[in-house]
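The values are calculated or read from the model by the stated rules, or taken from the named source; none is laboratory data. Computed from a predicted structure; not experimentally measured. Here Cβ is always computed from backbone atoms with ideal geometry, including for glycine, and neighbour counts include all displayed protein chains. Heavy atoms of the whole protein, side chains included, go into the accessibility calculation; ligands, DNA and RNA do not. Shrake-Rupley method; radii C 1.70, N 1.55, O 1.52, S 1.80 Å.
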Amino acid sequence: MHADSWAIKAKKFGYRSRAVFKLEEILNKLHKKKSLKNVLDLGSAPGGWSQYISVNYPSTKVIAIDVLDMQPVEKVTFIKDSIENIENIDEIKIIKGRFDLVISDIAPNLTGINTVDDENILELNLLSVNIAEKYLTDQNAAVVIKTFQNNNLKSLRKHMELFFKIVQTYKPAASKNKSAEIYLYGAR
């Protein structure tokens, strides 16, 4: 499917962004449609991933967090805050250790300076992995995070392998071919 056709397909199905098809493919291929009770969406704006979970897993409680505004999504609790402040957010703290899935499509604003961008990406990725490690339940839990093919990818994978039995790199069909974007999936 051509890159623009993903955006058209998203619009046709009423989704906020083409990114939903990236998450859908990863979950269908790697997570095998396991039941989800609680999902934590890090860096959630504009809300496509939260929307996908709420539509396709209707009994799932979704908590989304972002520093950016996000239009309401039915059955999703949105918190406007930084993921760096997650330990101080009561709605998330009360479910700590009981999330089945942590998803993070978060990315920093890019400066165009590769070394700076790579470090900023790594910092957000490590934060996402560490949050997943603390907030996920012990069994059948998983994390999906967006990262980029760069010099830090290998060390990020090694960091994930400390906490997850399975760590896989995945490039969904809905990702633009020229994009360095790649996803890491970790399962307990």
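Would you tally the residues in the range 105-122 being modelled with pLDDT under 90 and open to solvent by less than 40 Å² (accessible area, probe 1.4 Å)? Summing the residues that are modelled with pLDDT under 90 and open to solvent by less than 40 Å² (accessible area, probe 1.4 Å) in the range 105-122 gives 1. Filtering the range 38-66 to residues that are modelled with pLDDT of 95 or more and open to solvent by 60 Å² or more (accessible area, probe 1.4 Å) leaves only LYS61. Scanning the range 27-37 for residues that are surrounded by fewer than 20 Cβ atoms within 10 Å (Cβ to Cβ) and either touching a residue at least 24 places away in the same chain (Cβ under 8 Å) or in contact with an Asp or Glu (Cβ under 6 Å, 6 or more places away or on another chain) (or both) yields a count of 6. When the range 170-188 is limited to residues that are of a type in the set (Ser, Thr, Tyr) and surrounded by 13 or more Cβ atoms within 10 Å (Cβ to Cβ), the one that is farthest from VAL129 (Cα to Cα) turns out to be SER175.
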